[in-house]
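Input: a single structure, listed below in structure tokens.
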Amino acid sequence: MIELWLGIILLTLVALSFICWPLFGLVKANQSAVGVNRQQENISIFEQRLAELQKELQQNLLNEESFAELKLELEKNLLIDASLEDSKLKILTKVTKPQMIMVVVICFSLPMFSLGLYAKYGSSDDLLWAENKNSSHQLAEGEKPTAEQAITLLEEELVREPNNAEGWYMLAGIYMGTNQFDKGADAFAKVLEVLPEESPQFPSVVGQYAQSIFFIEGKVSKKVQAQISRALALDADEVVSLGLLGIAAFETNEYQLAIDYWNHALQNAELNAAQALKSGISKAEQRLIDSGVDIKKSEITKLNVIVDVEISDTLKAQLDSDAVLFVFARPVGGRIPLAAVKMKVSDLPKRVILDDSLAMMANAKISLQKKVEVSARISISGQPQSQKGDFESAVLVLDVIENSSSVKLLINKVVE
């Protein structure tokens, strides 16, 4: 930025010189012209008087001695007049007060006017953002940013574009993932400020905002409840809000109410959320059983397939620990998954239970199949679609039964 302001100062000085130089040049020119005129007038008077003296000498009205004395006196007066006129000229042609005021006004008003225009139409913030981006936070090609670097880059971007709802949402997610719940809540609040309320994502963001406050306060407080009510008023199936209501019911020993809330949330939950909801339902059902209540366990806990996903140590050492891993269950001979789990290579080995809680669509569930094809794949690109160079397991055909036993799923070959 220092180069920018030095350039502005230099250009301003150049502009002022173009304005002020002619003013002082005009004064100097006037001074020179007046001086020349005065000198010519004095010389003319001197020559006229000298001619008169010479004429008187020729007419014998003056002798040689008197002529010489008068001529000498005339020459001295010429020299004295020239000296006095020069002094007067300097005083008369000096820069006047109005002229000086005009110069001062110009020197102040021009920079102020220029800075005002730049403040309105300039792009110093863009320049500063570009300089910062190209200096301290530049990443090498192929290098993945750390959580701190990602936060810094997003914060800088949002200073430049404060109405970027997607950017604020990403920043909120990073804050929550690094347990900075206060900042996460502030970022979600910012999303809600810039995201139109009629947008389909708005209820979900409200629910996540409620969740961030829940993590801060450690309970479903009045503030959390207010946001839950706000989200459900916009979308009665909002997953996070229903999950929080289930937690509140569980903490007050209203286990059946918690199960109802969580079952409702399962209908639209994503993969990771579905696993957590299913775990909560199982705990609530067990609490009811332990308290002597005779219940029928949820159907989602019955029909399933269980696989133990593994990878060789050699292959695991070659891969990034953050590489994405997918586990799929498909109809036999089908292509669209009935259920899927997304995790990281660092999570291996891991047991995965594939059931209706992970259904991709409401009318396509594992419980509706007698057999399913199960496979696992490490995606180099991070996308679910298979690509050359990915690593995968063999495809196993498993029976869908109640409380099935686990089967080993070994990732050991490259996709050609």
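The values are calculated or read from the model by the stated rules, or taken from the named source; none is laboratory data. Only a predicted model underlies this, so the values are computations on that prediction, with no experimental measurement involved. Heads up, the Cβs are rebuilt from the backbone with ideal geometry, glycines too, and the neighbour counts pull from every protein chain shown. Ligands, DNA and RNA are excluded from the accessible area calculation, which covers all protein heavy atoms including side chains. Shrake-Rupley method; radii C 1.70, N 1.55, O 1.52, S 1.80 Å.
Brief remarks on what is shown
- Long pairs among K350/K370; K183/K365; K222/K344; K222/K283; K222/K365, criterion Cα-Cα beyond 32 Å: K183/K365; K222/K344; K222/K365
- Gain upon complete extension [Q201, I336; 0.36 nm per residue less C-alpha separation]: 46.0 nm
- Taking 0.36 nm per residue of sequence separation and removing the Cα-Cα distance, the D237/Q54 pair yields an extension gain of 53.4 nm.
- Simple label model, 7 Å out from Cα along Cβ direction - T252 to D320, nm: 4.6
- Accessible area in the full protein assembly, largest first, 1.4 Å probe, for D237, D308, D186: D186, D237, D308
- Working value for the range 273-359: equivalent-ellipsoid semi-axes of 31, 17, 10 Å, each the square root of 5 times a Cα gyration tensor eigenvalue, largest first.
- Translational diffusion coefficient of the range 228-375 (Stokes-Einstein, Kirkwood radius from Cα pairs, 10 °C, 1.306 mPa s): 94 µm²/s.
- Annotation: extensible slack from D186 through D308 equals 39.9 nm (criterion: 0.36 nm per residue apart, minus Cα-Cα distance).
- Pairwise label distance in nanometres, I9 with S405, each label 7 Å out on the Cα-Cβ vector: 8.3
- On the principal axes of its alpha carbon atoms, the range 368-416 extends 35, 21, 16 Å, with the longest extent given first.
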